[in-house]
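J.: Here it is, the structure in full.
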Amino acid sequence: RPRMSSILVDNLTGKTTAGNVTVTSEGGAATFQLQQGLAKMWCRVTYSGGTPIDSDSLNVSSLDDDGTGDIDYNFANPPISLSCSTVATSASSATSTLFAAVESTANARTLQHNISGVAVDHNSSVSMHGDLA
């Protein structure tokens, strides 16, 4: 019978370097730094009367509604540079295009359009991976 165990911690600190926690891959042949694999920001947006609402998020202090299909996600803790990766998805059953990018160390932005290229407000999600300042 397998034994169940738990590790309860409030803080993970690397032994050699405080910010580096190294994890061995599933196959055991590679290692990577845990913090590099974590999303540094994500947000689930729903709309109420045409206004985007942060229905759940990490590291987002507020949203700016810059017009139909155009949202700024203001960071609570900024990335160190613009060298970040963003991913966004639309929750719409209609075909739409959703662009996402980190515009500055203060915010990320999404722009959403329908198949005809017209800006639309649809529920969506966005995440950002990169190094925090």
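J.: Within the stretch 97-112, work out how many residues are assigned to a strand (DSSP E or B) and surrounded by fewer than 19 Cβ atoms within 10 Å (Cβ to Cβ).
T.: Residues in the stretch 97-112 being assigned to a strand (DSSP E or B) and surrounded by fewer than 19 Cβ atoms within 10 Å (Cβ to Cβ): 6 in total.
J.: Has the stretch 63-78 got at least one residue that is open to solvent by 30 Å² or more (accessible area, probe 1.4 Å), hydrophobic (A, V, I, L, M, F, W, C), out of contact with any Cys (no Cβ under 8 Å at 6 or more places or on another chain) and in contact (Cβ under 8 Å) with a residue 24 or more places away in the chain?
T.: The answer is no, given that none of the residues of the stretch 63-78 is open to solvent by 30 Å² or more (accessible area, probe 1.4 Å), hydrophobic (A, V, I, L, M, F, W, C), out of contact with any Cys (no Cβ under 8 Å at 6 or more places or on another chain) and in contact (Cβ under 8 Å) with a residue 24 or more places away in the chain.
J.: List every residue pair whose Cβ atoms sit under 8 Å apart, with the two residues 6 or more apart in sequence or on different chains, where the first one lies in the stretch 18-33 and is over 19 Å from Gly130 (Cβ atoms) and the second, anywhere, is small (Gly, Ala, Ser).
T.: Between residues of the stretch 18-33 that are over 19 Å from Gly130 (Cβ atoms) and residues that are small (Gly, Ala, Ser), the close pairs are Thr22/Gly14; Thr24/Ala30; Thr31/Ser25.
J.: Further question: Going by the conditions given, is Asp56 surrounded by fewer than 14 Cβ atoms within 10 Å (Cβ to Cβ), touching a residue at least 40 places away in the same chain (Cβ under 8 Å) and of a type in the set (D, E, K, R)?
T.: No.
J.: Against the condition among the small types (Gly, Ala, Ser) and farther than 17 Å from Thr46 by Cα, how does Ala106 come out, does it pass?
T.: The answer is yes for Ala106.
J.: What residue, among those in the stretch 116-133 that are over 16 Å from the mean Cα position of the chain (by Cα) and either outside any loop (DSSP other than H, G, I, E, B) or not charged (D, E, K, R) (or both), is nearest to Leu34 (Cα to Cα)?
T.: Applying the filter and picking the extreme gives His122.
The values are calculated or read from the model by the stated rules, or taken from the named source; none is laboratory data. Predicted model only: the values in this text are computed from it and were never measured. Cβ atoms come from the backbone with ideal geometry, glycine included; neighbour counts cover every protein chain shown. These accessible areas exclude ligands, DNA and RNA; they are computed on the full protein's heavy atoms, side chains included. Shrake-Rupley method; radii C 1.70, N 1.55, O 1.52, S 1.80 Å.
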